[in-house]
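**Student:** Would you mind keeping the following structure in view while I ask a few things?
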Ligand SMILES: C[S@@+](CC[C@H](N)C(=O)[O-])C[C@H]1O[C@@H](n2cnc3c(N)ncnc32)[C@H](O)[C@@H]1O
């Protein structure tokens, strides 16, 4: 992941206001008042930030508390309640790939803002349903000032954090009630209340086999149990109870969060943070989870890796912008092991690897190699804002899905999430390439049909660019608003 060290302000300017945005969008943005830029910092309404000395100083302190952030042990992270994703943006520069997650709430379009900064982000909320990620995925989870009531409702929010964290992974919390001793006055509460909150949190985390790892100033770090020794001691009367085996821990599409602990299977001991190779070696190592896929083994993984290197090399000849700073936010709409993303690892971009929500759960293997992604069912809308991706790539998605959902709806969803002037690379059977080309023309995309690198008849490539166009109606409204 090639990135340079940039401040919050520089990052925003990097994407906002380039020629990719028409004037009327920029004028709309100038009217927004939910976020203020002050020097090198972004401030939410009310002026608060968890990073009073800049996010860099905050992460420097965190790195002192968690040495694994410096040596490639920690590679994947999730920021629950990300705001405008400054934490994830800073970590990119340190080689840690973060999924920034937040809903659209009173903090407005924070995830849209994050994506416009070129930082990986997805709309989501820790609430009643599991997040769209497999179990034992992230090396680290973080929440600063997200004010989620962690200890309420049987602790279900923390149970979800526990599920998605890799054994031995870190849970980092900053803001209330951490550091209540020094901060309680600003929080409109009493020191006794804050102490009680923090004690309750510590007790709940300990009962979930998290260990308090380190704590300094506003930051507290817990570690998820790296092995089964703590879970083995839980009894039938423990609180929270162990989950029974009735729900696959990896299933996460409309699966309600249950008030019980999902215990990592003993077979998955090799998924612990300690047993996972360090970044960047882990990118090319087949994890135990490749065998979740039929005929998945180390050889199949190696073959997949090699195949995508050849394919991406060919893509670059057809789309010279690929690998340059013109393409930043990329989605591989139906990946197996993240081979497309791995082949682009040296490019200045990031890839959201999407795995079908009802196929084999290969997304765990994607995380094991240090890449990020989400489950999704392409018969539904993806959890992102319009015009947020610069490139969409798919490989046989229509062949696989057209019996379930209509191709035109999938294409319309692609059109929604693709930025004007953004690209799509569609790898399909000859039949589907022609069918897509017809609908794409109706959406005013400019497309060219190409041979694949193997130059075979049965499979073709369609390389498209979404054009920038305005409906007459929108232009008139925009002119009226600004006259
Ligand atoms: C005060 S902001 C903090 C933003 C950022 N972490 C920071 O420190 O600047 C609170 C964040 O938590 C998010 N949030 C609140 N409840 C959440 C939930 N249940 N799941 C995910 N995010 C949540 C909000 O949308 C917002 O992004």
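**Student:** Using DSSP, restrict attention to beta bridges with both residues in region 281-473 and report what percent are antiparallel, rounded to the nearest 5.
**Tutor:** Of the beta bridges lying entirely in region 281-473, close to 45 percent run antiparallel.
**Student:** What is the gain in length, in nm to one decimal, between residue 451 and residue 64 on full extension, counting 0.36 nm per residue of separation less the C-alpha to C-alpha distance?
**Tutor:** On the way: separation 387, 0.36 × 387 = 139.32 nm, distance 5.13 nm.
Between residue 451 and residue 64, full extension yields an extra 134.2 nm.
**Student:** Quick one: angle between helix 298-318 and the longest Cα principal axis of the chain, in degrees between 0 and 90, rounded to 10, please.
**Tutor:** Its long axis makes an angle of about 50 degrees.
**Student:** Using the 10 angstrom Cβ neighbour count as an exposure proxy, how do 201, 147 rank, fewest first?
**Tutor:** Ranking 201, 147 by Cβ neighbours within 10 Å, fewest first, gives 147, 201.
**Student:** Gain in length, residue 358 to residue 243, computed as 0.36 nm per residue apart minus the alpha-carbon separation, to one decimal in nm?
**Tutor:** Values: separation 115, 0.36 × 115 = 41.40 nm, distance 2.19 nm.
Gain on extension, residue 358 to residue 243, equals 39.2 nm.
**Student:** Same structure, new question: Averaged over every viewing direction, what's the projected area of the C-alpha convex hull for region 272-409? Give it in nm², one decimal, please. Present the calculation step by step, with values, prior to reporting the outcome.
**Tutor:** Values: hull surface 35.8 nm².
For the Cα atoms of region 272-409, the hull's average projected area reads 9.0 nm².
**Student:** Output the antiparallel fraction of DSSP beta bridges having both residues in the chain, as a percent to the nearest 5. Kindly include the intermediate steps, with their values, before the conclusion.
**Tutor:** Details: 30 of 65 bridges.
About 45 percent, rounded to the nearest 5.
**Student:** Same structure again: Would any residue of region 261-283 have its amide N under 13 Å from a label point 7 Å out along Cα→Cβ of residue 232? List them or say none.
**Tutor:** Residues 266 qualify, since their backbone N sits under 13 Å from the label point.
**Student:** Normalised radius of gyration for region 321-399, please: alpha carbon Rg relative to 2.2 N^0.38 Å, two decimal places.
**Tutor:** On the way: Rg = 12.2 Å, N = 79, 2.2 N^0.38 = 11.6 Å.
Here the Cα radius of gyration is 1.05 times the empirical estimate.
**Student:** Provide 369, 444 in ascending order of the number of other Cβ atoms located within 10 Å of each residue's Cβ, fewest first.
**Tutor:** Values: 369 29, 444 11.
Ranked by crowding around the Cβ, least crowded first: 444, 369.
**Student:** What residues of region 225-260 lie in the reach of a label at residue 269, counting those whose backbone N is under 19 Å from a point 7 Å from the Cα along Cα→Cβ?
**Tutor:** Flagged as within label range: 225-234.
**Student:** Can you pull the one-decimal nm distance between simple spin-label points at residue 199 and residue 278, each 7 Å off the Cα toward Cβ?
**Tutor:** In this crude label model, residue 199 to residue 278 measures out at 4.2 nm.
**Student:** Find the percent of Cα-Cα distances in the chain that exceed 39 Å, and round it to a whole number.
**Tutor:** Details: 26851 of 116403 pairs.
When all Cα pairs of the chain are counted, 23 percent exceed 39 Å.
**Student:** Take the Cα radius of gyration of region 214-298 and divide it by 2.2 N^0.38 Å, with N its residue count; two decimals is plenty. Don't skip to the answer; put the middle values down first.
**Tutor:** Details: Rg = 16.2 Å, N = 85, 2.2 N^0.38 = 11.9 Å.
It is 1.36.
**Student:** What percent of all Cα-Cα pairs in region 368-483 falls in each 5 Å bin, counting up from 0?
**Tutor:** Taking every Cα pair in region 368-483, the percentages come to 2, 10, 18, 21, 18, 14, 7, 4, 3, 1, 0, 0.
**Student:** Angle between the Cα long axis of helix 472-481 and the longest principal axis of the chain, 0 to 90 degrees, nearest 10?
**Tutor:** The angle comes out at about 50 degrees.
**Student:** Turning to a different aspect of this structure: What's the exposure ranking of 464, 243, 82, going from fewest to most Cβ atoms within 10 Å?
**Tutor:** Values: 464 26, 243 16, 82 29.
Fewest-to-most ranking of 464, 243, 82: 243, 464, 82.
Every number in this text was worked out from the coordinates using simple rules, so none of it is lab data. Values in this document were obtained by computation on a predicted structure and should not be read as measured data. Please note: Cβ atoms are built from the backbone with ideal geometry, for glycine as well, and neighbour counts cover all protein chains shown.
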